[in-house]
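Structure record follows, encoded as C-alpha cells.
Each reported figure results from applying straightforward, stated rules to the coordinates on display, with no laboratory input. Just so we're clear, the structure is a prediction, and the values are computed from it rather than from any experiment. Because the Cβ atoms are built from the backbone with ideal geometry, glycine has one as well, and the counts that use them run over all protein chains shown.
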Amino acid sequence: MLEVSNLVVKYGNFMAVKGISFNVLEGEIFGLLGPNGAGKSSTLKSIMGLVEFEGEIKLLGRKIGVEERNLIGYVPEEFMLIDVLTPLEFFEFIASLRGMKNEERVTRLIYAFGLEKYANKPIASLSMGTKQKVAIIAALMHEPKLLILDEPLNGLDAKSSKILKELMKRHVERGGAVLFSTHIMEIAEKLCDRIAVINQGKIIAEGTVEELRRKAKVEGGLEDIFLKLTGEDEYIRGVINALSQ
C-alpha cells in the first residue's frame, strides 16, 4: 500500500532522516519505533507533505500527491485543529474539504469516543485527551485506506484507547493499513504485525517481534529488544548502578 524509498528529511544542515526505506502492506499494522528525536515524526510528516523531503513515496503504486493523501487519515503528535471552532464545526469543515456526505459515520464516531457533551464547545476549551479524540475522529471519518497515527493514545482514557485499538484491528481486517508510531512498547508488541526501529535517522532493524528478538539476541519483550537494538540498555544499566551506590 505505502512504499517509502530512500527518504531524506533535512532541517537546514541537520539531517533528521537519512535515506530510509520501508513498505506498509495492505492488511497490516506497521509500527515505527524509536527514541525521541530519532526521525519518526519527520518521516510521517513527509508522507503527509508537511515537510520537504528527498526520495520517493508511493501510495497504492502512485507517486504521492494531493489526491493520494486524501486516502490517508492522519493523527499527528501535535494537534492540527482549529481552536475557535467546536468539534462539530471542525468535522463539518473537514467533511466539506473531502466532499463527504456521510454524517451518520461522524455521529457514530462521536458516540463511540464519548464526545457528545463536548461537541458544541470551542476546541480551545477542551482537555488534551478530548482534543485527541477530535483529531482521531477527523482522521477516521472519511474511512481512509491508510491510517497514519503518531502517538495516537496520548491523553486517551482507557475506554477510548481500547476503542481506537479495536478500530485499528478492524481497519486492517477490511484491507486497510496502519502506520503507527508509539512509545508504549507493550501496545506495539500486541498490535503490530511488523516493526521498524529507527535510531538517529536510520532504520536499524525491521521485522516481526520474533525476528527483532533474534536480531537483538534477547529473550525479553519488545521493550528489552528495543533498548538492546538502540544501545540504550547499557546507558540504563550505568544509570541504575550509579544511583545504587
Next item on the list: Identify all lysines with a Cα-Cα distance to residue 159 below 26 Å; exclude those on the same chain that are fewer than 8 residues away in sequence.
Entry: 117, 121, 131, 133, 145, 169, 190
Notebook entry, point to check: In the Gaussian network model of the chain, springs joining C-alpha atoms below 10 Å, which of 123, 187, 110 carries the largest mean-square fluctuation?
Noted result: 187
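What does the helix-only formula give at 222 nm for the chain: each DSSP H stretch with n ≥ 4 adding -39500 (n - 2.57), the total divided by the residues, and the result rounded to the nearest 500 deg cm²/dmol? Don't jump to the answer; show the numbers that get you there.
Numbers: 10 runs with 100 residues, N = 245.
It lands at -12000 deg cm²/dmol.
Let me have the relative contact order for the chain, percent, based on Cα pairs under 8 Å that are six or more residues apart.
Values: 412 pairs, mean separation 64.8, N = 245.
Computed over the chain, the figure is 26 percent.
Treat every Asp and Glu Cβ in the stretch 1-61 as -1 and every Lys and Arg Cβ as +1, leave all other atoms uncharged, and give the resulting dipole magnitude about the Cα centre to the nearest 20 debye.
Numbers: 5 positive and 6 negative charges, 53 e Å.
Dipole of the stretch 1-61, to the nearest 20 debye: 260 debye.
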Item checked: For residue 28, distant residues with modelled amide H under 5 Å away -> 178
Note to self: Just to confirm the number: angle between the C-alpha axis of helix 87-98 and the first principal axis of the chain, 0 to 90 degrees, nearest 10?
What the structure shows: 90 degrees
Check: Taking the Cα centre of the chain as origin and charging only Cβ (+1 Lys, Arg; -1 Asp, Glu), how large is the dipole, in debye to the nearest 20?
Finding: 200 debye
Margin query: Just to check I understand the Karplus step: with θ = phi - 60° and J = 6.51 cos²θ - 1.76 cosθ + 1.60, what whole-Hz values come out for the stretch 11-21, glycine and proline as x?
Written below: 10, x, 8, 8, 9, 7, 10, 10, x, 8, 9
Next item on the list: Rounded to whole Hz and in sequence order, give me ³J(HN,Hα) for the stretch 177-186 from the Karplus expression 6.51 cos²θ - 1.76 cosθ + 1.60, θ = phi - 60°, writing x for Gly and Pro.
Entry: 9, 10, 10, 10, 10, 7, 9, 8, 5, 4
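Rounded, prolate or oblate for the stretch 1-116? Axes are the square roots of the Cα gyration tensor eigenvalues, ordered a ≥ b ≥ c, and the cut-off for rounded is a/c under 1.5.
Details: a/c = 2.06, a/b = 1.73, b/c = 1.19.
Judged from the Cα gyration tensor, the stretch 1-116 comes out prolate (a/c at least 1.5, a/b above b/c).
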Check: With the dipole of the stretch 127-245 worked out from charges on the C-beta (+1 for Lys and Arg, -1 for Asp and Glu) around the Cα centre, which of 207, 222, 146 lies farthest toward the positive end?
Finding: 146
Next item on the list: Could you let me know the centre-to-centre spacing of the stretch 201-245 and the stretch 73-90, using Cα atoms, in angstrom?
Entry: 36 Å
Margin query: Treating only the Cα positions of the chain as identical point scatterers, give the base-10 log of I(q)/I(0) from the Debye formula at each q in 0.08, 0.11 Å⁻¹.
Written below: -0.33, -0.61
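Does the stretch 10-69 come out rounded, prolate or oblate, given a ≥ b ≥ c as the square roots of the eigenvalues of its C-alpha gyration tensor, rounded meaning a/c under 1.5 and, failing that, prolate meaning a/b above b/c? Present the calculation step by step, with values, prior to reporting the outcome.
On the way: a/c = 2.16, a/b = 1.28, b/c = 1.68.
Here the stretch 10-69 falls in the oblate category.
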Checklist line | Volume per residue of the C-alpha convex hull in the stretch 90-187, rounded to whole Å³ | finding: 105 Å³
Check: Taking the Cα centre of each part, how many Å lie between the stretch 134-156 and the stretch 1-71?
Finding: 17 Å
Next item on the list: Could you tally the net charge around residue 1, taking each other residue with its Cβ under 12 Å from the Cβ of residue 1, Lys/Arg +1 and Asp/Glu -1?
Entry: -1
Checklist line | Charge-dipole axis of the chain as Lys and Arg at +1 and Asp and Glu at -1 on Cβ define it, positive-most pick from 198, 176, 236 | finding: 176
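Under the classification rounded if a/c is under 1.5, otherwise prolate if a/b is larger than b/c and oblate if not, where does the stretch 61-102 fall, given a ≥ b ≥ c as square roots of the Cα gyration tensor eigenvalues? Display every interim value, and only then the final one.
Working: a/c = 3.12, a/b = 1.52, b/c = 2.05.
Oblate shape, in that a/c is at least 1.5 and b/c is the bigger or equal ratio.
Which value, in debye to the nearest 20, describes the size of the charge dipole of the stretch 123-245 about its Cα centre when Lys and Arg Cβ atoms bear +1, Asp and Glu Cβ atoms bear -1, and nothing else is charged? Mind showing how you got there, number by number?
On the way: 18 positive and 18 negative charges, 69 e Å.
Once rounded to the nearest 20, the dipole reads 340 debye.
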